[in-house]
Amino acid sequence: MKKRVYLDYSATTPMKKEVLDEMLPFFNVQFGNPSSIHCFGRENKAAIDKSRTTIAKTLNAGVDEIFFTGGGSESDNWAIKGVASALKNKGKHIITTEIEHHAVLHTCQFLEKEGYDVTYLKVDKYGLIDIEELKAAIRPDTILITIMYANNEIGTLQPIKEIGKIAKENKIIFHTDAVQAYGNIEMDVNELGVDLMSLSAHKVYGPKGIGLLYIRKGTKIQPIIHGGAQERRRRAGTENVPAIVGFGKAAELAYENIEEHSSRLIYLRDKLINGLTEKIPFVHLNGHPTKRLPGNVNISIEFIEGESLLLMLDMVGVACSSGSACTSGSLDPSHVLMAIGLTHETAHGSLRLTIGDYTTEEDIDYVIENLPPIVERLRQMSPLYEKVKGGN
Ligand SMILES: *Cc1c(COP(=O)(O)O)cnc(C)c1O
């Protein structure tokens with residue numbers, strides 16, 4: 001079979017076998033509705049509670065502070081719309097950043113149309129916010145700060161603890177989208193000082209369509225899905241029991257060996273970064289050199305088109321992402337790469353390669369061997385590159 005190398009773990013991860021095994025009985029054998037009084041229901045209620053307890057432990061959160069949702073996007077929507085609705089009489093100002101995931105950015109843009117006022121903090125060339133700018137943006141009517149933990153494109157980690165402290169001093173609710181950080185770094189909601197945190201299972205070897213919102217006890221937030229009394233009356237709808245069970249198992253596995261997991265990813269990441277930057281001229285790393293996700297490599301390769309590169313990599317079996325929002329069918333450069341100051345051309349020549357648990361050293365060597373000649377071939381078609389290379 002043709003060699004295939006998956007380097008798109010930030011887009012999604014395969015489910016671990018242990019996760020799938022744990023889930024299977026809940027599709028047919030153990031199918032009861034957790035709200036039912038009979039044993040079929042009670043057993044499933046217990047399965048949900050077990051999963052909730054496991055996940056709460058990984059966050060040092062209370063079991064009653066975990067609320068399951070339909071994924072990371074729903075959690076982000078809930079956090080932002082839920083606080084906006086609960087505190088609309090107190091104020092209508094929200095602070096976020098220019099580099100958030102679309103689940104946060106588009107929700108904020110929606111609220112702007114509804115009469116809310118949003119400040120989008122800028123980031124520096126590494127993708128970091130400026131704490132002083134955050135302080136200066138706070139107003140008497142600020143009701144929410146929402147800043148992601150780890151960026152999904154460039155991997156930069158924000159100073160969440162410092163932001164948490166500032167939010168607390170100013171009595172403002174603090175939400176973080178920690179979808180990419182979870183399972184890759186250790187986190188403690190109390191140490192971080194967050195009030196709300198979004199997570200998603202399919203980024204940590206769990207199933208798709210399941211996530212959660214951590215809600216610190218006492219945080220003012222309205223539901224966005226109304227109906228039955230599930231999730232302690234805060235998120236209606238019959239629970240996705242197999243997915244919740246899978247999420248719990250994935251969380252358990254992720255934190256069983258977190259240090260070994262992340263140091264392995266860091267080793268492979270740095271090997272890939274060094275290999276590519278040594279072999280390809282006019283390449284640079286995007287994101288912060290050290291404050292970054294263990295498995296994230298994002299590079300800009302001058303004088304090439306990221307889309308052509310993706311297609312040629314796909315032909316040799318390498319799956320990764322480029323620097324444009326191609327998911328929407330458009331070729332707009334990524335808002336994150338624009339925010340860190342790249343030109344349109346450079347953003348288009350960017351690649352995101354994300355490493356995960358099933359990535360081998362052989363995979364990394366394969367990319368280091370196969371990517372440079374592809375870049376060279378594409379560059380031969382670039383008149384600009386010929387000029388630069390010729391030194392005139
Ligand atoms: C994937 C992702 C989401 C969305 O999660 P879904 O479960 O796919 O809805 C939100 N934020 C970040 C940072 C992500 O990487």
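For the reader, a short list of remarks on this structure follows.
- Qualifying residue in the range 3-17 (condition: within 30 Å of Ile355 (Cβ to Cβ), loosely packed, with under 13 Cβ neighbours inside 10 Å, touching a residue at least 60 places away in the same chain (Cβ under 8 Å) and outside the structural domain of Asn298 (by TED's automatic domain parsing)): yes
- Only one of the listed residues (Val83, Val29) is over 23 Å from the mean Cα position of the chain (by Cα) and more than 18 Å from Tyr182 (Cβ to Cβ). That residue is Val29.
- When the range 339-364 is filtered for residues that are of a type in the set (Asp, Glu) and in contact (Cβ under 8 Å) with a residue 60 or more places away in the chain, the ones remaining, listed by number, are Asp357, Glu361, Asp363.
- Tally of residues being among the basic types (Lys, Arg) and away from the ligand (no atom under 12 Å from the Cβ) across the range 155-208: 4
- Residue check, Glu43 assigned by TED's automatic domain parsing to the domain that holds Glu112, farther than 20 Å from Ile160 by Cα and within 16 Å of the ligand (Cβ to nearest atom): no
- In summary, Leu285 fulfils each of the numbered conditions (1) buried (at least 20 other Cβ atoms within 10 Å of the Cβ); (2) touching a helix residue (DSSP H, G or I) at 6+ places or on another chain (Cβ under 9 Å) with the single exception of condition (1).
- Taken over the range 87-125, the criterion of being within 18 Å of Val194 (Cα to Cα) and away from the ligand (no atom under 16 Å from the Cβ) is satisfied by Leu87, Ile94, Ile95.
- Within the range 358-392, if we keep just the residues that are within 26 Å of Pro294 (Cα to Cα), of a type outside the set (A, V, I, L, M, F, W, C) and touching a helix residue (DSSP H, G or I) at 6+ places or on another chain (Cβ under 7 Å), the residue that is surrounded by the fewest Cβ atoms within 10 Å (Cβ to Cβ) turns out to be Glu361.
The values are calculated or read from the model by the stated rules, or taken from the named source; none is laboratory data. Remember, it's a predicted structure, so these values are computed and weren't measured experimentally. All Cβ positions, glycine included, derive from the backbone under ideal geometry; neighbour counts span all protein chains shown.
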